Structure formats: structure tokens, C-alpha cells
1. On C-alpha positions alone, give me the angle between the axis of helix A:358-367 and the longest principal axis of chain A, in degrees, nearest 10.
2. Run the reach check for A:Lys60 against lysines, Cα to Cα strictly under 27 Å, same-chain hits fewer than 8 apart removed. What comes back?
3. Relative contact order for the range A:233-294 using alpha-carbon pairs under 8 Å, separation at least 6, rounded to a whole percent?
4. Below 8 Å between Cα atoms, with a sequence gap of 6+, how large is the relative contact order for the range B:230-387 in percent?
5. Please sort B:309-318, B:99-108 by packing, taking for each peptide the average over its residues of neighbouring beta carbons within 10 angstrom, highest first.
6. Among bridges DSSP assigns within chain B, what percent are antiparallel (round to 5)?
7. P(r) for the range B:1-119: what percent of alpha-carbon pairs falls in each 10 Å bin, starting at zero?
8. I want the antiparallel fraction of DSSP beta bridges within the range B:1-158, as a percent rounded to 5.
Number of protein chains: 2
Amino acid sequence: MDLKVYAENISKRAKKSQKDLIKINTEIKNRALLRAAELIMERKEEIQEENRKDLERAEKKGYSKALLDRLKLNEKRIKGMVQVLKDVASLPDPVGQVISMWTRPNGLKIGRMRVPLGTIMIIYEARPNVTVEAASLCMKSSNAVILKGGSETINSNKILVNILKQAARETGFPEDAIQFVETTEREVVNHLLQLDQYIDVVIPRGGESLIRAVSEKAKMPVIKHYKGVCNLYIDNEADMEKALNIAFNAKVQRPSVCNAIENLIVHKDIAEQFLPEIAYYYGKAGVEMRCDQTSLDILQNHPKAHDTELVPAKEEDYYEEFLDLIIAVKVVNDMDEAIDFIHKYGSNHSEAIVTENYTKGMRFINEVDSSAVYINASTRFTDGNEFGLGAEMGISTDKIHARGPMGLEELTIPKFIILGNGQIRDNFGIPKKEEKVEINKEACDLR
Amino acid sequence: MDLKVYAENISKRAKKSQKDLIKINTEIKNRALLRAAELIMERKEEIQEENRKDLERAEKKGYSKALLDRLKLNEKRIKGMVQVLKDVASLPDPVGQVISMWTRPNGLKIGRMRVPLGTIMIIYEARPNVTVEAASLCMKSSNAVILKGGSETINSNKILVNILKQAARETGFPEDAIQFVETTEREVVNHLLQLDQYIDVVIPRGGESLIRAVSEKAKMPVIKHYKGVCNLYIDNEADMEKALNIAFNAKVQRPSVCNAIENLIVHKDIAEQFLPEIAYYYGKAGVEMRCDQTSLDILQNHPKAHDTELVPAKEEDYYEEFLDLIIAVKVVNDMDEAIDFIHKYGSNHSEAIVTENYTKGMRFINEVDSSAVYINASTRFTDGNEFGLGAEMGISTDKIHARGPMGLEELTIPKFIILGNGQIRDNFGIPKKEEKVEINKEACDLR
């Protein structure tokens, strides 16, 4: 297969489908999504059969247990995909939504109307359920999608795309709007990244090196999904029970994810009270604490921290996304120091403060420059579903277009619509009889 | 001067100022803008003195009259800058605006709040008034700005930045948030484009080659401002007077700008009535018509087109941004053909339909994929001021982040704010006495 031709072929098709996509109504989109949900249940055994092929190959290759677990489409995950399709069908359609409209003195009505981005390419990790999640969001937002999943899940992805396309055909949804990169040859991605005339945006998910490589090569805009070094700040006016529950939840409930905390920042006036308590519970859960000198002085030899692994923190620990039962601890003199710490070591993903003080809570919300900023809640809620956006396309760590979980709205962009009644600029219309036409040839400075 | 060190120095300063920017309130921002307006009038002679230096140098270099005209800060333009500062001061502050907030079943309040993008670098053409326009929009939206103007206007820009910084100092606005590239050495831009750790977005304005070069080199996101090949479609159900006025206005009132039309598309059933009329007025204004065969057949030897220059159109004419008194004409069989024409030859900038038919108007609005889509009005209104956005940072031709004129809102991005009351995920808090902690080490698939 000529990979360049292949890349051009699928991206041209996706581009071409935009013309049909913009004409279909919400009902057709929902019908396609719900039919796909039915088909997944109907063809469940086929899906698991194909998934087994992926698993066997991965086992032979000696992949880690964690990766194998990710690949697997068990009963729960299949039901999860069905639920995503139903959820996305039930969400309001963002396309055509006029988010504001105003009237100008000359009577022009000017509005901002949400339209699809066009064609979205998503490059994702070895998780077959992302195929359904990403495709369903694009379908509902009238975007064409090019799916490039991890090569480890090629068979599972293939059957899922096959099902999505069948659902499209049966319901009048433009089938070509769902494109799938069938080859596992990496070179095809490089070709696709050149085709900015067909592909409007790329969303790479996965490791940092993949994202950097895609950003460097892509000719079209890239919405990046980098790591999460999330921080929790326990203020001296924190409620102790909230502080303990949030610090425990945000680290321990699922340590391997991007919205779990990696750094625990504690105000010096509450450190002697709070640290031994949390150390006690972290100890029970097997969390290793990497402590600065102040926290180490408090915890070392403290009876409550008896069973907790305490390690002196190195500078680089504060930058690290452990994704594990490890937390770095820092005691600060005040909130300013906490915010500076977050801006220095954090990755602008999710940060939380625990405080009962109104002014400090509001300051934290305003001054912390992250995609999700919390007062008195666990950072673990940074997720499209938990935020009530329905599914999500990923969590943007970029600072333009979208920050944080990307739902349907973030897959659209407002264009301007202008409803007129014959308005012309500066009343400069066709000249009346024998009127001389004077043309403003002045350069563009006033438009 | 070591350009690399210089680039790092100014962008670090801009980045650092963000911390102060986020703390000042709207009143301080407005005071700084209004003080700058006063200072421009107070120091008018100085400004014109510096501007004369630029003009003299440009004259010596033999620059075109059009360019010299652009450089010049005459009375009208100085007043224009003052007005922009006052206008921007009077606009509502977008920063901190919560555009939506909802409550989740667990009581979490989740909202989208507008925040600045961070540091914006704008690279612009030789027009000193853009210095004031761009800086004022960034100041009001709490963004740090790095201004890189055309080298031809270095002296004019320098004094204007000097005035803006004086206004900042006098009013408590962070002075370092306004950075100006003082050197005219081109290499400095290449260094700046590498500094994505300090600069969040680049907005290049000017020629296509500049924009392409910036896009290729920049490590940070680029919001592009490409050309405008704007189209006007005269439907068979158009009102003749509106059609003539709009076709005349959109081409003739100021032909040198990006929102003037380049292509005139006419439905076949109205072509024989409409074309000779508009040819008559275009003839009066000196507009050359590049005609397809059908329109040529209608116009050639028609008495109304007697004084109009008619030229057979070539395929490449339809792609061209003439920016001059030239228009390409195409007769189509129906609206579908018109829309296909627009998508093929247009640049997704501004397009208009003239029709009295409701359904066709609505279809045009929905199906034409451009940043500004009009019914019954001239495309010449595509402009931040005309749209009521106040000033504008430029007109984005990109499909992510912002389409069309970029005002204050487009210089912000919503982040998520989450107001909690101790909420934790899955009720997984500190364990009760002797409760065993079971940790979900499953991979990240459900977040």
C-alpha cells in the first residue's frame, strides 16, 4: 500500500463528507448513535472474538499486565461503550446553537453560531473504547473524524468502526465521516499530519513524546493533552475532616490517572496538626511520602507516622507525575507561596484548595492558572462525565481553543452570522444619476 | 546585542507580569487606557516628530505611495488611536466572567470562567496605529503582549509604546505586561518563536509568506490571519435594489481590503436582468469584470456595459484576492452550485447571499463554512468595530479558538472553576477504624 496515497484518500473522503454532515439534522445523528449502541450488543461476541486476537498477540509480545488490562473489552467496558453512545445521543446538539445575537445601530443582526470544526484526527492510546467515545462525540457535533488508535488494538478497533459505519448506513448518517486508519505502519501518521487542506485539527493523546512529535510535524493546529501534575493546598483555615478526605481521595482512590494529586502543599500553621493525621491514613494505604525538611521534622518519630514510608524530597520530585502511591509534600508560609509553588511545579491541569476562608478561596480560583481550579473538592472530578459534559474527547492542557475536559461544545467553534436588510457600509451604494464615484483607495488601516 | 538573550529577556518579563495582571481590577485597566488616551493628545507633536523620521527614511528607500500613506500618523489617525483607547476602556471586562455554571447531583457547582490567554505576541504590518489597538485589547483582557511591528515604523511604534508604558506606570498597571521588540533585526523573531514556555500564542498579520513562515517556526499555537477571497451570491429571488447596492458597495467602497468581494456569483435566472445593471455601475467606477462565458455573452455588446472593461475569466482568477477594482463573475444554475463554488475558490472569510427567500437564506447561513456569513448585507461589515466588538486584534481565518474578527472575548479562554463542600470521588474518603483500604489500580480508562 502506498501510505501517502492512502492518507490522502481517507482524509479527502472525510473532508468531502462535511458537505453532507452539515445538512443532516439532530434526529439522524441520534438515530445513528442509538443504532450503534444496539449493534454493539447484537455483535458482542464478534467484538470479543476480535478483542481476543489483540490480547493474544499482546500476550505473545510480553506486554505488561497493565497494558493487557487496558486492551481488554470485558462485559463492563462493552456496557460502558453502549452507555456512552446513549449518553451522547441524549446530549443537546451544539451545532447551529446561536450563543449570542445582538442588533447594531444600522439594524444588522449579528450573532455567534456554533459550527463543527471540520475534520478532527484523533491519535490515541491502546484503548478500544476510546474509538467509540471519540467517534460518537464527533458524530454528534457533525465533525468528520479520522481515528488512529494504538496498533495493539487494531482488530478491536476495526470491528467497532465496522459497527459504527453499519449504524451510519442504516440511518442515513454519512458513512465517510467516520474514517479509520487501518494500517499499523507509523509512517502513515506523518503523511496525514501534512494534509492541512483536509484535516482541521489533530488531538494526540498518550505519552509526552508522542504529543511532542505530533506537534512538531503537524501542519494543522494541534490540541495537546499533556500530563497532570496536580496540586492540593491545605490552608491553615481548612476544615480538618474535608482536608483529610480530599487529600486521601485525590491521591489514593485511583493513583494512576492524570487528575490524581502528586503534590500536597500544607500551610505551616496547620502542618503539625494535619500532617501526622494524613500520614497515618496514607500509611494504611501504602502511600510513600516524599517530604521537605519541615514536614520530615514533623513526621519523623511521630507515632502516627510509624507505618508510613517517609523519604526526603528532592527538587525533581515536585515536577514528577508519579501516577503511583507516592506524594511529594511541601510546607509553605502562606497562600502566595502555595500559588507560586503551583505555578512553578504544576502542569496547569487541576489544583484544589481546602479552606473555610471565603477570600482565600476566591483568590485561589482567580489566581491559579489551571484548566480546573477547585475549592473544597477532590481534583479527581476533572473529567467530562463528572463535570456533566457527557463523554469527553480528552483533557486539553493547551491555552487556546479549550482548557480542561473537551466535550461536545469544545468540538465546535462559533462563526459569525449576519442577518441584514440591504445594509451597505458608509451608505456607499450605486451612484444616483450623474453622481461621480469617488473611490477610497486608502490602504487597509480602518478596514 | 545578543538577540537570543534579548528575546528571552522580554518574554520572561511578559510572562512574569501575568502574576500581577491577574490581580488588578477593571478600574485600574480602564484608568491606564484612558490615561494613555490623554497622553497621546498631550504628546502629539512628539509622536508626529518620530513619525516623520519613519516617513523620511521610507521615502529615501523609495517605498510606494500606498505604504507611505499607511505609515503616516495624520490628525485623523491620531484621533482614531485615542478613540480606540476610549472605546476599549468602555467595553465590559471579559476576565472573570462566568459564562455558565451548573450544579451536579453531588452538589458540586461547576462553571466556565473566562481567563486571559497569558502572553500574546503580535507580529504586524507597518501601521503604527495597530500598536495602540493591539496593546489596548491585551491590556483590557489582562494579557501580556509582545509587540513586533513593521521595521518601517520603528520610531513611531517606540514613542507609542513609551506612552503606553508611562500610562501604565502612572496608574498602577503592570508596565512589563507591555513588551516591544525594539530591534529591527529579523532574527529576533525566530528566537521568540522558540519560547513556548513564556509565550502562549502568536498572531501574525500581514502577507501570506510571513504567516506561513511564522506557522512553520513557532513552537506555540499560531492564530492565522490569511487573505480574504470573499464571494457574493445574487440569488434569482434577490431584491434588485439590494443586490445592486450590495454588489457595488462590497466591491467599490474600499477595494483594497480583505472583506471586499472578489467573486460575484449570479443565478442564471436573474443574470440577464442583473448583470447589465451592475456592469453599468461598475463601469462608472472603473471596475474591470472578468467574466465566464455565460456572463460574457450577456454583457458583450450590451449597451449598458458599453463603458465597462470586460475580460474573459481564467480559472485562476476565481482564486485571486485582487484587492483592486477587478471582479470575477460566474453564472450558476442554482444555489448548490454557488455554495460549491464558494467552498472551492473562497478562503472561508466572508460570504453573502442576496435573496428574499427565507429557506435559501437559512440554508446559505447553515451550509457556507466561512467565518462570517451574511444575508442581504455587504461583506464590508466584517470588522470588530462594525460588529460591535469594539476594536479587533485581527480577523482569524483559522478554524479553532476563534473565527472572524477577534475582539476581547477571543483574547480569553474559559477555564473550569469548581466550588465544592468537601466532595470526594466515589465516596472514597479516609477509612473508618479497621476498614481495609482497597486501591483501584486499574488503568486510566474511566478516569
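1. Helix A:358-367 and the main axis of chain A meet at about 50 degrees.
2. A:Lys44, A:Lys72, A:Lys76, A:Lys148, A:Lys158, B:Lys441
3. Numbers: 40 pairs, mean separation 24.9, N = 62.
Relative CO of the range A:233-294 lands at 40 percent.
4. The normalised contact order for the range B:230-387 reaches 31 percent.
5. Taking the mean over residues of other Cβ atoms within 10 Å, the ranking is B:309-318, B:99-108.
6. Roughly 30 percent of the beta bridges in chain B run antiparallel, per DSSP.
7. Percent of pairs per bin, in order: 10, 22, 27, 25, 9, 4, 2, 0.
8. On the way: 5 of 10 bridges.
Restricted to the range B:1-158, the bridges split so that about 50 percent are antiparallel.
FYI, it's all coordinate maths here, none of it is from the lab. This structure is a prediction, so every number in the text was calculated from the model and none was measured. Heads up, the Cβs are rebuilt from the backbone with ideal geometry, glycines too, and the neighbour counts pull from every protein chain shown.
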